[in-house]
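Here's the structure, in structure tokens; my notes come after.
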């Protein structure tokens, strides 16, 4: 028979306890490593989602700028955004489909070219105190934004549009000024407004025989026809004021008095920015005259003669009336602020991307029209 000594029984107990302690240590270490992996994965996911939020902030800010475009990024955006922060509904702006995540965006100037370039800084935040920041360099496009309409009523105040007679055409379909053929750009509304109330007032001002005189995006032939009159998110009166200030900072012609027979305010070969500031009476066109480029008119534009213009017409005022009662052929677009519109006589107002290219060549060829921005580069800061 084999006998086990007392000291051997003690050694076995020590060995068993040691093995148990070793197994407990290994198990604890494994659990801690697993927990660390879970936390690392969670932190990585939170960090990535915060990065996605920061990128969404860049896209949101660019979208806001591109609603109207910009002529001068420093004047139109940097100096306008309160605190240089993007005008979101909230700051930070919550992510609609990612609870606990949000973003905020600020804009900075590009010291080398503050007119055409800027820097957006977007910070995304999320759960577990995750924070990611993205810097994006943006640049104004060389291609102007499409106009809001052949005629754009840029006021939030009530309008009182009046259409006299039936010998007028307002067309939001792109037409070449050189040959009258269809242009390459997509259609825009014949008449656009900033509020649905003003759009409805404009529709109501058109008699049934006049409704098919306003064509373009949204026109539907029928009985009666549905005229091309739409509400758009475009420049406000304040933004048009800034646009005019930007344009007047470029080379332009200050026109004294009215427009008379045989006057020329720019040509297709030499388009120009022409500024009319004749006081409360505005400017009146009489006789046969023509022009090309950009016209900026304070208070009122009254066309009583035969007037042909290719480009962009901006009429700025608060109580005056723009009358088109003579024979007018406008290729391009007319933007107006707080005024009542009367269209009568013989008037053809045609959206023309070709004519607006003449406006873009005015002011020394510096692309003075509002244009969208694009992201040229971006980097994840941290």
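The values are calculated or read from the model by the stated rules, or taken from the named source; none is laboratory data. Keep in mind that what you see is a predicted model, and the values were worked out from it rather than measured. Please note: Cβ atoms are built from the backbone with ideal geometry, for glycine as well, and neighbour counts cover all protein chains shown.
Checked against the criterion of being loosely packed, with under 14 Cβ neighbours inside 10 Å, on the phi > 0 side of the Ramachandran plot and either outside the structural domain of residue 331 (by TED's automatic domain parsing) or within 19 Å of the chain's Cα centre (by Cα) (or both), region 136-144 contains not a single residue that satisfies it. Whether any residue in region 44-54 is in contact with a helix residue (DSSP H, G or I) (Cβ under 8 Å, 6 or more places away or on another chain) and more than 25 Å from residue 130 (Cβ to Cβ) is what I want to check. No, region 44-54 has no match at all. Scanning region 266-292 for residues that are under 24 Å from residue 250 (Cα atoms), touching a residue at least 40 places away in the same chain (Cβ under 8 Å) and part of a strand (DSSP E or B) yields 272, 273, 292. Screening residue 177 with (1) crowded, with 21+ Cβ neighbours inside 10 Å; (2) assigned to a loop (DSSP other than H, G, I, E, B); (3) not assigned by TED's automatic domain parsing to the domain that holds residue 311 gives one miss only, at (3).
Of the residues 105, 143, 188, the single one that is assigned to a strand (DSSP E or B) and either farther than 30 Å from residue 325 by Cα or modelled with pLDDT of 95 or more (or both) is 105.
Within region 82-115, count every residue that is closer than 21 Å to residue 368 by Cα and either without any contact (Cβ under 8 Å) to a residue 40 or more places away in the chain or over 19 Å from the mean Cα position of the chain (by Cα) (or both). So that I can check it myself, show each step before the final result.
At the first step, the residues of region 82-115 found to be closer than 21 Å to residue 368 by Cα are 109-115.
From what is left, the residues that are either without any contact (Cβ under 8 Å) to a residue 40 or more places away in the chain or over 19 Å from the mean Cα position of the chain (by Cα) (or both) are 109-113.
The number of residues fulfilling the criteria is 5.
Between 338, 310, which is assigned by TED's automatic domain parsing to the domain that holds residue 234, modelled with pLDDT of 85 or more and not in a helix (DSSP H, G or I)? When all the criteria are applied, what remains is 310. So which residues in region 288-306 are modelled with pLDDT under 85 and more than 24 Å from residue 153 (Cβ to Cβ), if there are any at all? Hit for region 288-306 is 305, nothing else. So in region 195-225, with the set limited to residues that are part of a helix (DSSP H, G or I) and touching a helix residue (DSSP H, G or I) at 6+ places or on another chain (Cβ under 9 Å), which one is surrounded by the fewest Cβ atoms within 10 Å (Cβ to Cβ)? Checked region 195-225; the qualifying residue surrounded by the fewest Cβ atoms within 10 Å (Cβ to Cβ) is 203.
For (1) at pLDDT 80 or above; (2) over 28 Å from residue 335 (Cβ atoms), each residue gets a yes or a no:
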position: 25; (1), (2): no, yes
position: 35; (1), (2): no, yes
position: 47; (1), (2): no, yes
position: 51; (1), (2): yes, yes
position: 54; (1), (2): yes, yes
position: 58; (1), (2): yes, yes
position: 72; (1), (2): yes, no
position: 114; (1), (2): yes, no
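When residues in region 45-94 are screened for being in a loop (DSSP other than H, G, I, E, B) and buried (at least 20 other Cβ atoms within 10 Å of the Cβ), 4 of them pass.
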